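**Student:** Handing you this structure, nothing more for now.
The values are calculated or read from the model by the stated rules, or taken from the named source; none is laboratory data. Computed from a prediction, not measured in an experiment: that's the story for all the values here. Note that each Cβ is placed from the backbone with ideal geometry, even for glycine, and that neighbours are counted across all protein chains shown. Calculation scope for accessible area: heavy atoms of the full protein, side chains included, ligands and nucleic acids excluded. Shrake-Rupley method; radii C 1.70, N 1.55, O 1.52, S 1.80 Å.
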Amino acid sequence: MTEKPKHGSAELDRLDLKILDVLQRDNKTPQRTIAEMIHLSAPAVQRRIKRMEEFGVIQANVALVDPAKVDQSITLFVEVEMESERAELYEAAKRSFSAAPEVQQCYYVTGEADFILIIIVRTMPDYEALTRKLFFGNNNVKRFRTFVSMERVKVGLSVPLE
């Protein structure tokens with residue numbers, strides 16, 4: 001007997017993983033279609049999806065928007081190095097980064113930088129204004145380094161399930 005992978009408090013079996021695989025590709029796939037694909041009933045698929053939502057395995061159902069199509073075509077990667085390692089200052093930085101809608105992703109990392117941010121803006125002046133708010137306006141930011149994306153080669157949020 002193979003052991004089921006644990007995800008939070010939810011134990012996922014191979015059918016759950018198959019459902020997740022389908023939903024990661026297109027979360028508008030009708031439950032009856034998923035049921036046919038994995039040989040379950042539609043109500044069974046619905047129960048499994050509901051359970052995975054309740055346990056936080058499925059965190060959200062969202063639309064992926066192409067930033068260029070909504071005139072937000074500049075993607076930046078920013079390394080942020082903090083001055084002090086005091087926990088409350090790190091938590092304040094996390095809250096500040098999380099509250100900025102331009103910050104698409106924020107990672108607390110090891111190495112020379114303390115945070116890596118992925119930011120999307122309309123123009124470089126918009127980014128400059130954001131740097132004043134997030135970095136220059138924070139006395140605990142020692143330095144930051146910006147990398148400008150020249151091309152979006154691959155962007156994905158799906159999790160490999162195998």
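**Student:** Taking the stated definitions as given, is E151 modelled with pLDDT under 95 and open to solvent by 60 Å² or more (accessible area, probe 1.4 Å)?
**Tutor:** Judged against the criteria, E151 is a match.
**Student:** Limited to segment 69-85, what total is found for residues that are surrounded by fewer than 13 Cβ atoms within 10 Å (Cβ to Cβ) and in contact (Cβ under 8 Å) with a residue 40 or more places away in the chain?
**Tutor:** 2
**Student:** Hey, does segment 118-137 have a residue that's open to solvent by 50 Å² or more (accessible area, probe 1.4 Å), part of a strand (DSSP E or B) and touching a residue at least 24 places away in the same chain (Cβ under 8 Å)?
**Tutor:** There is no residue in segment 118-137 that is open to solvent by 50 Å² or more (accessible area, probe 1.4 Å), part of a strand (DSSP E or B) and touching a residue at least 24 places away in the same chain (Cβ under 8 Å).
**Student:** Next question, about the same structure. Which residue pairs have Cβ atoms under 7 Å apart, sit 6 or more places apart or on different chains, and have a first residue in segment 39-58 that is within 21 Å of L157 (Cα to Cα) and hydrophobic (A, V, I, L, M, F, W, C) and a second that is at pLDDT below 95 and open to solvent by 80 Å² or more (accessible area, probe 1.4 Å)?
**Tutor:** So the pair list comes out as F55/S9.
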